[in-house]
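Working notes, structure below.
The values are calculated or read from the model by the stated rules, or taken from the named source; none is laboratory data. Everything quoted here is computed from the prediction, not taken from an experiment. Because the Cβ atoms are built from the backbone with ideal geometry, glycine has one as well, and the counts that use them run over all protein chains shown.
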Amino acid sequence: MCVSKSPLLLWMASCLLPVLSFASPAPPTGFRALFNGENLTGWYGLNPHAVGKLEGEKRAENLAKQRGEFAQHWRIEDGELVNGGAGPYATTEEEFGNIELLLEYKTVAGADSGIYLRGTPQIQIWDWNQPDDPKKPDRRPRLGSGGLFNNTPNTPGRDPLVHADRPFGEWNKFRIRQVGAQTWVWLNDQLVVDGAVWENFWDRSQPLPAKGPIMLQTHGGEIRWRNVFVREIPPGETPK
């Protein structure tokens, strides 16, 4: 049977393809999307280290500046949230407490990134091909990503249990569960942090904040994020 390929039908098909290509991500049952794959709605720019020692008017000015710079450094490509390696971190307008977080990322050699929960650093993303630096013996990227890098060195969870990173050019997927101060991290379906206590980087004498934003760090090279889904864990649900 011969199918007509009229100019009108071809034009209509070409108009529909972009819509199909950039459809909003479908979260798993019980989860919702934090990034819609189309724009920066729900996110703003913040590097908390840049405002840590600022107060009053100077702090307010810096926060406003970072918000204004956000769209200059972050963009949407093919339904992915992309940053070239500079600028403020992508930060959720919402704050979260106990959650399960799913997301995927792809980065490049030489880049350094991470995921902040409750506004606190960080689940580390490494260029795991870096050689050891004798001047920084506690910095061990060869062990792989997923560890709680800002915890005290040589404590549980600070470095990942196994090396689970995929080669550059491939997508990596995280599953993260945060209950109270305890953290579980799976990287590419392998358990890399098993219920370790996440230290409060901002004040180690205090517990992890009860709530705070999710932040996607950028540093030193391009990183791409997609399929960012969250599920808020109700009271009484066990860590298992």
- Query: Can Val185 be described as over 18 Å from the mean Cα position of the chain (by Cα) and surrounded by 15 or more Cβ atoms within 10 Å (Cβ to Cβ)?
  - Reply: no
- Note on the structure: Taking the range 84-105 and keeping residues over 16 Å from Met215 (Cβ atoms) and among the small types (Gly, Ala, Ser) leaves Gly84
- Message: Residue under question is Phe168, and the condition is that it be touching a residue at least 40 places away in the same chain (Cβ under 8 Å), aromatic (Phe, Trp, Tyr) and over 17 Å from Tyr105 (Cα atoms); does it hold?
- Response: no
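Matching residues to (1) surrounded by 15 or more Cβ atoms within 10 Å (Cβ to Cβ); (2) among the acidic types (Asp, Glu):
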position	(1), (2)
Glu199	yes, yes
Pro207	no, no
Pro213	yes, no
Gln217	yes, no
Arg226	yes, no
Val230	yes, no
Ile233	yes, no
- Query: Which one is surrounded by the most Cβ atoms within 10 Å (Cβ to Cβ), of the residues in the range 91-111 that are of a type in the set (A, V, I, L, M, F, W, C) and closer than 12 Å to His219 by Cα?
  - Reply: Ala111
- Pull up the range 140-169, narrow it to residues that are among the charged types (D, E, K, R) and under 15 Å from Asp127 (Cβ atoms), then point me to the one that is surrounded by the most Cβ atoms within 10 Å (Cβ to Cβ). Asp165
- Task: List every residue pair whose Cβ atoms lie under 7 Å apart, where the two residues are 6 or more positions apart in sequence or sit on different chains, the first residue falls within the range 178-201 and is over 16 Å from Ile115 (Cβ atoms), and the second residue, located anywhere, is of a type in the set (Phe, Trp, Tyr) and surrounded by fewer than 21 Cβ atoms within 10 Å (Cβ to Cβ).
- Result: Asp194/Trp184; Gly195/Trp184
- Item | Residue list for the range 202-240, filter: among the β-branched types (Val, Ile, Thr) and either under 21 Å from Gly144 (Cβ atoms) or in a strand (DSSP E or B) (or both) | Thr218, Ile223, Val228, Val230
- Note on the structure: Checked Gly68, Gly114 against criteria (touching a strand residue (DSSP E or B) at 6+ places or on another chain (Cβ under 9 Å) and loosely packed, with under 14 Cβ neighbours inside 10 Å); the one match is Gly68
- Message: Just checking, does the range 63-81 include any residue being in contact with a helix residue (DSSP H, G or I) (Cβ under 8 Å, 6 or more places away or on another chain) and of a type in the set (Asp, Glu)?
- Response: yes
- Evaluate the following for Phe168: is it closer than 19 Å to Val82 by Cα and either in a strand (DSSP E or B) or modelled with pLDDT of 95 or more (or both)? no
- Query: Residues in the range 192-201: is at least one modelled with pLDDT of 95 or more, of a type in the set (D, E, K, R), in a loop (DSSP other than H, G, I, E, B) and under 16 Å from the mean Cα position of the chain (by Cα)?
  - Reply: no
- Over the range 34-83, the set of residues among the hydroxyl-bearing types (Ser, Thr, Tyr) and not in a strand (DSSP E or B) is Thr41
- Task: Check whether at least one residue in the range 140-152 is modelled with pLDDT under 95 and in a loop (DSSP other than H, G, I, E, B), and report yes or no.
- Result: yes
